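**Q** One structure is given below, represented as structure tokens, and several questions about it will come after.
The values are calculated or read from the model by the stated rules, or taken from the named source; none is laboratory data. Since this is a predicted model, take the numbers as computed values, not measurements. Cβ placement follows ideal geometry from the backbone for every residue including glycine, while neighbour counts extend to all protein chains displayed. When the accessible area is computed, the model is the full protein with side chains, heavy atoms only, and any ligands, DNA or RNA have been set aside. Shrake-Rupley method; radii C 1.70, N 1.55, O 1.52, S 1.80 Å.
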Amino acid sequence: MSASNYILIAFGSVFATLGFIGVFIPVLPTTPFLLLAAICYGKGSKKLYNWLLDHRILRRYILDYRSGLGIPLASKIYALVILWMSITSSVIFFIKPMILRIMVVLIALIVTVYILSLKTRNKDNNE
């Protein structure tokens, strides 16, 4: 195995870990990290790539994205509620410099637009 494979596996593992954490912490985007992990594993280790696609929790995010099924409405609502509760409390209680407050709110707006732009999964195609 070459050095580049080890580097790809290391990055894939970091992205997979962040994606896994994102399953439980909605402020952290799950699907983009898992897609990056799949790309890294796909080029660095077929064994880890297959593991990711066979994982009982993580595979759904990758396969739903690839197939265009979208995200369940409840997941969108949950993610947005948690996002804005976290951002609001951070801006009010923890972040003091105004420029940082503005930046955090702008990032939250961008994430909100992104989440809303994703296709919403119909109940008919839920598994």
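**Q** Would you mind computing, in nm to one decimal, how far apart the modelled labels at ARG56 and ARG101 are, each placed 7 Å from Cα along Cα→Cβ?
**A** Placing both labels 7 Å along Cα→Cβ, they lie 4.6 nm apart.
**Q** Could you please state, rounded to a whole Å, how far the C-alpha centre of the stretch 6-44 is from the C-alpha centre of the stretch 71-111?
**A** Measuring centre to centre over Cα atoms gives 22 Å.
**Q** For ARG60, ARG101, ARG121, give the ranking by accessible area with the largest first, probe 1.4 Å. Could you put the intermediate results ahead of the total?
**A** Values: ARG60 115, ARG101 60, ARG121 30 Å².
In descending accessible area the options line up as ARG60, ARG101, ARG121.
**Q** What relative contact order, as a whole-number percentage, does the chain give when Cα pairs under 8 Å and 6 or more residues apart are counted?
**A** On the way: 111 pairs, mean separation 28.3, N = 127.
Dividing the mean separation by the residue count of the chain yields 22 percent.
**Q** Whole-Hz Karplus ³J(HN,Hα) for the stretch 38-43, in order, using 6.51 cos²θ - 1.76 cosθ + 1.60 and θ = phi - 60°, x for Gly and Pro?
**A** 4, 5, 5, 5, x, 8
**Q** Right, another one. Output ³J(HN,Hα) for the stretch 103-110: one whole-Hz value per residue in order, computed from phi by the Karplus curve 6.51 cos²θ - 1.76 cosθ + 1.60 with θ = phi - 60°, and x for Gly and Pro.
**A** 4, 5, 5, 5, 4, 5, 5, 5
**Q** Counting only protein heavy atoms and a 1.4 Å probe, tell me what percentage of the stretch 1-115's accessible area is made up of carbon and sulfur. If you can, show how the numbers build up before the last one.
**A** Working: 5450 of 7200 Å².
C and S atoms contribute 76 percent here.
**Q** Let me check against my output: what whole-number percent is the relative contact order of the stretch 9-81, with C-alpha pairs under 8 Å and at least 6 apart?
**A** Computed value for the stretch 9-81: 27 percent relative contact order.
**Q** Mind ranking SER117, SER86 by accessible surface for me, highest first, 1.4 Å probe? Could you put the intermediate results ahead of the total?
**A** Values: SER117 85, SER86 40 Å².
Result of the area sort, largest leading: SER117, SER86.
**Q** Between Rg and the Kirkwood Rh of the chain, both from Cα atoms, what is the Rg to Rh ratio?
**A** On the way: Rg = 16.8 Å, Rh = 16.0 Å.
Value, to two decimals: 1.05.
**Q** Short version: ³J(HN,Hα) in whole Hz for each residue of the stretch 78-92, in order, from phi by Karplus 6.51 cos²θ - 1.76 cosθ + 1.60 (θ = phi - 60°), x for Gly and Pro, what are they?
**A** Once θ is set to phi - 60°, the couplings for the stretch 78-92 become 4, 4, 5, 5, 5, 4, 6, 5, 5, 5, 4, 5, 5, 5, 6 Hz.
**Q** Can you list residues whose amide H is under 5 Å from HIS55's amide H, if they're 5+ apart or on another chain and H is modeled 1.01 Å from N?
**A** The answer is none.
**Q** Per residue, what accessible area does the chain have, given a 1.4 Å probe and all protein chains present, in Å²? Walk me through the intermediate numbers first.
**A** Numbers: 8370 Å² over 127 residues.
Heavy-atom SASA per residue in the chain reads 66 Å².
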